[in-house]
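Written below as structure tokens is the structure these notes are about.
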Amino acid sequence: MTNMQNVKIIGTGSYVPKKVLTNEDLEKMVDTNHEWIITRTGIAERRIAEDNEATSDVAAKAALKALKDSNTKPGEIDLIIVTTNSQDMIFPATACLVQKKIKAVNAATFDLQAGCTGAVYALITAWQFIATGFYDNVLVIGAETLSKFVDWTDRNTCILFGDGAGAAVLKAGQEKGILSGCLAGDGSYDDLIMIPAGLSKYPASHETVERKMHYVKMKGNEVFKLAVKHMKRTTVKTLGKCNLSVEDVDCIIPHQANIRIISALTRVLKIKKDKVFVNLNKLGNTSAASVMIALDEAVKEGKIKNGDIVVLTAFGAGLTSGSIVLKWLK
Ligand code: UT7
């Protein structure tokens with residue numbers, strides 16, 4: 001472990017589609033109302049991709065912004081990791097499609113799927129590649145167009161999700177920018193959030209389409225209970241690994257799923273509210289893109305400053321959960 005390289009994030013970028021879907025719009029589509037959605041979730045509006053806008057399109061737009069922000073040329077990228085739950089196709093990997101779009105001709109490419117925890121998994125994976133000296137520059141992109149996999153007649157799920165992408169460029173540095181990380185998985189909860197059909201268990205058929213098995217299914221209530229527990233556990237564990245405590249944290253960016261989950265996490269961690277970054281009111285739950293978009297927004301809004309200790313924490317389908325602690329050194 002002693003010969004490991006220090007790694008830091010040297011630039012971020014994000015992109016969300018132009019089309020806004022408000023709670024008032026949803027009132028015309030399903031039996032719901034703004035009051036219920038805002039009090040139960042904190043979401044007022046979300047962005048929706050165009051029909052001809054795929055995940056690789058939103059991903060590429062965020063990636064180009066992160067490259068510009070980090071002053072990195074596409075050809076300098078050694079590896080692109082796209083984390084998504086709404087990839088363009090079963091194969092090739094969305095990362096290959098992004099590589100073509102941004103002309104990162106020297107990059108290796110793969111997708112990583114870990115539900116809404118994907119961004120934390122991808123950042124920790126990228127960190128390992130650079131720390132071991134295997135690669136110098138890695139581009140991590142969290143991107144989703146989950147609106148294409150949402151049943152727009154199901155009020156339990158369609159009010160929650162939004163589309164978008166966030167990206168970050170990671171590089172070896174003099175100082176340590178990534179301090180610690182922690183990942184967890186618990187497949188015994190595999191049935192809580194899923195898109196059941198379209199692959200090997202239930203290949204697409206008339207029956208799967210009729211039974212709406214290509215859409216997101218979620219046991220929201222059960223996920224809710226586990227979310228706070230898991231994000232607290234991984235956050236405390238990750239901070240402990242680098243000898244820090246919650247009091248040392250300047251900014252925490254939790255997965256943007258529900259304001260009540262974020263408020264409960266704030267309470268159990270005993271962290272001040274103004275240190276907790278929230279943008280789900282305008283973007284909804286962008287799944288694997290959520291903490292990546294939020295990180296970019298927090299930096300651009302000046303909520304994260306040089307030297308700050310930042311925690312990203314998430315949970316999602318799998319169940320998966322994880323946290324990463326950064327010292328912001330840009
Ligand atoms: O990204 C990671 C994955 N997902 C999550 O993190 C989601 C976690 N879960 C949640 O955010 C919440 O559980 C939801 C927002 C999905 C639901 O909130 P809830 O407070 O757990 O509501 P509920 O499912 O217990 O439903 C309460 C009531 C029900 O009516 P009855 O049975 O009490 O008469 C629902 O039918 O609210 C009803 N309801 C709605 N009413 C108006 C459910 N959805 C809606 C809706 N509009 N959109």
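The values are calculated or read from the model by the stated rules, or taken from the named source; none is laboratory data. As the structure is a computational prediction, the values presented were derived from the model and not from experiment. With ideal geometry, Cβ positions are generated from the backbone for all residues, glycine too; neighbour counts draw on all protein chains shown. Areas reflect the complete protein model, heavy atoms only, side chains present, ligands, DNA and RNA absent. Shrake-Rupley method; radii C 1.70, N 1.55, O 1.52, S 1.80 Å.
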remark   = Around residue 250 (Cβ within 11 Å, Cβ-to-Cβ, excluding residue 250; K/R +1, D/E -1) the net charge comes to +1
message = So with the 1.4 Å probe, I'd like the accessible area per residue for the chain, rounded to whole Å².
response = 45 Å²
query = Near residue 219, which aspartates and glutamates are there with a Cα under 17 Å away, not counting those fewer than 8 places off in the same chain?
reply = 151, 154, 186, 190, 191
query = Considering the dipole of region 7-176 built from charges on the beta carbon (Lys and Arg +1, Asp and Glu -1) around the Cα centre, which of 140, 17, 42 is farthest to its positive end?
reply = 140
remark   = Counting as exposed only chymotrypsin sites (Phe, Trp or Tyr not before Pro) in DSSP loop states with no more than 16 other Cβ atoms inside 10 Å, the longest exposed-site-free span of the chain is 153-330
key: Calculated log₁₀ intensity ratio I(q)/I(0) where the Debye formula runs over C-alpha points of region 7-176, q = 0.14 Å⁻¹   = -0.71
message = Quick check: net charge around residue 330, other residues with Cβ under 15 Å of its Cβ, Lys/Arg +1 and Asp/Glu -1?
response = +2
inquiry  = Suppose each label sits 7 Å from its Cα in the direction of the beta carbon; what would the residue 18-residue 226 distance come out to in nanometres?
reply    = 4.0 nm
query = Which one of 266, 209, 283 has its Cα pushed farthest toward the positive end of the charge dipole of the chain, where Lys and Arg give +1 and Asp and Glu give -1 at the Cβ?
reply = 266
key: Kirkwood Rh in Å, taken over the chain so that all alpha-carbon pairs contribute   = 19.6 Å
task = Taking 7 Å along the Cα-to-C-beta vector as the label spot, tell me the residue 305-residue 211 distance in nanometres, rounded to one decimal.
result = 5.7 nm
query = When the Karplus curve 6.51 cos²θ - 1.76 cosθ + 1.60 is applied with θ = phi - 60°, which whole-Hz ³J(HN,Hα) does each residue of region 98-111 get, with x for Gly and Pro?
reply = 5, 3, 4, 5, 9, 6, 8, 5, 9, 8, 6, 9, 7, 9
key: Lysine pair count for region 11-164 [Cα-Cα under 23 Å; pairs on different chains or 8 or more apart]   = 29
remark   = Out of 106, 198, 168 - ranked by how far each Cα lies towards the positive end of the dipole of the chain, with unit charges on the beta-carbon of charged residues - the top one is 168
message = How large a share of the accessible area of the chain, in percent, is made up of carbon and sulfur atoms when the probe is 1.4 Å and the other protein chains stay in place?
response = 52 percent
task = Determine the dipole magnitude for the chain: charges of +1 sit on the beta-carbon of Lys and Arg, -1 on that of Asp and Glu, nothing else is charged, the reference point is the Cα centre, and the result goes in debye to the nearest 20.
result = 860 debye
query = With contacts defined as alpha carbon pairs under 8 Å and 6 or more residues apart, what's the relative contact order of region 7-176 in percent?
reply = 35 percent
query = Which distance in Å, rounded to a whole number, links the C-alpha centroids of region 109-127 and region 272-327?
reply = 15 Å
request  = Show which lysines lie in cross-link reach of residue 275 when reach means a straight Cα distance below 18 angstrom and same-chain residues fewer than eight apart are skipped.
outcome  = 232, 300, 303, 305, 327
remark   = Total charge of the residues flanking residue 35 in space, meaning their Cβ is under 12 Å from its Cβ, with Lys and Arg +1 and Asp and Glu -1, is -1
key: Normalised contact order of the chain, rounded percent, pairs of Cα under 8 Å and 6 or more residues apart   = 26 percent
ask   = Straight-line reach from residue 273: which aspartates and glutamates have Cα under 15 Å away, leaving out those fewer than 8 places along the same chain?
value = 247, 248, 250
